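The values are calculated or read from the model by the stated rules, or taken from the named source; none is laboratory data. Every value quoted in this text rests on a predicted model; they were computed, and no experiment measured them. Cβ placement follows ideal geometry from the backbone for every residue including glycine, while neighbour counts extend to all protein chains displayed. Keep in mind that these areas ignore ligands, DNA and RNA; they rest on the heavy atoms of the full protein, side chains included. Shrake-Rupley method; radii C 1.70, N 1.55, O 1.52, S 1.80 Å.
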Amino acid sequence: MTDLSLRPWRLSDAADVARYADNEKIAANLRDVFPWPYSRRDAVSFVEHCVRQEGRGQLARAIEVDGAAVGSISLTLGSDVYRRSAELGYWLAEPFWGRGLMTSAVAEMCREGFGTWDIVRIYAEPYARNLASRRVLEKAGFTLEGTLRQCVCKNGEMLDACIYALIREEAT
């Protein structure tokens, strides 16, 4: 397996993000805030946002392999009645799929989230058709809690989404 590390974003990461994020297969499984095509301007805006929001209800990390930022993983703290929960989001460059990297990144990010915040729950909402992402979550110890039927409109198509969660006591 290739070694990976999670680290805070640096403004210099924008070139890597522009290179790796411009992939229709990645965008198809993320919210519309992640555009396709993905431009250099999108990358700069994304990295600047991650740097600016760090520690302000967000933990955002670059997924680094061999010195390059090849993906992103973040936790966003909930508010109001959801203040003891955080949402997990991530993407990984296609050349690195199928190597177990994202499962390792998810496990590491969850340890950091539980260690940083007084949260009880980390959850993720992959589209039901995204079997690879669902498998990542399952391998990282998340439990499928349910399917939200036709709750997402992506590229004009209504999709199901799944709710996966990891409770603090279940985390290893």
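Could you identify the single residue in R111, R99, R61, R134 that is of a type outside the set (A, V, I, L, M) and more than 20 Å from L4 (Cβ to Cβ)? So that I can check it myself, show each step before the final result.
On the way: R111 fails: more than 20 Å from L4 (Cβ to Cβ); R99 fails: more than 20 Å from L4 (Cβ to Cβ); R61 fails: more than 20 Å from L4 (Cβ to Cβ).
The match here is R134.
Look through W9, W36 and report the one residue that is farther than 27 Å from R111 by Cα and surrounded by 13 or more Cβ atoms within 10 Å (Cβ to Cβ). First the steps, then the outcome.
Values: W9 fails: farther than 27 Å from R111 by Cα.
Unique residue meeting the criteria: W36.
Taking the stated definitions as given, is V70 open to solvent by 60 Å² or more (accessible area, probe 1.4 Å), touching a residue at least 40 places away in the same chain (Cβ under 8 Å) and touching a strand residue (DSSP E or B) at 6+ places or on another chain (Cβ under 8 Å)?
Spelling it out, it is not the case that V70 is open to solvent by 60 Å² or more (accessible area, probe 1.4 Å), touching a residue at least 40 places away in the same chain (Cβ under 8 Å) and touching a strand residue (DSSP E or B) at 6+ places or on another chain (Cβ under 8 Å).
Restricting to region 107-152, name every residue that is of a type in the set (S, T, Y) and under 14 Å from the mean Cα position of the chain (by Cα). Answer for region 107-152, where residues must be of a type in the set (S, T, Y) and under 14 Å from the mean Cα position of the chain (by Cα): Y123, Y127, S133.
Could we say that S104 is in contact (Cβ under 8 Å) with a residue 60 or more places away in the chain, closer than 24 Å to A18 by Cβ and of a type in the set (S, T, Y) here? Give the steps one after another, and end with the answer.
On the way: in contact (Cβ under 8 Å) with a residue 60 or more places away in the chain: yes; closer than 24 Å to A18 by Cβ: no; of a type in the set (S, T, Y): yes.
The answer is no for S104.
Condition check for Y123 on (1) without any contact (Cβ under 8 Å) to a residue 12 or more places away in the chain; (2) surrounded by 15 or more Cβ atoms within 10 Å (Cβ to Cβ): one failure, at (1).
From G113, G89, G141, grab the single residue that is buried (at least 16 other Cβ atoms within 10 Å of the Cβ), at pLDDT 95 or above, at positive phi and of a type outside the set (A, V, I, L, M). Can you show your working first?
Details: G113 fails: at positive phi; G89 fails: at positive phi.
Unique residue meeting the criteria: G141.
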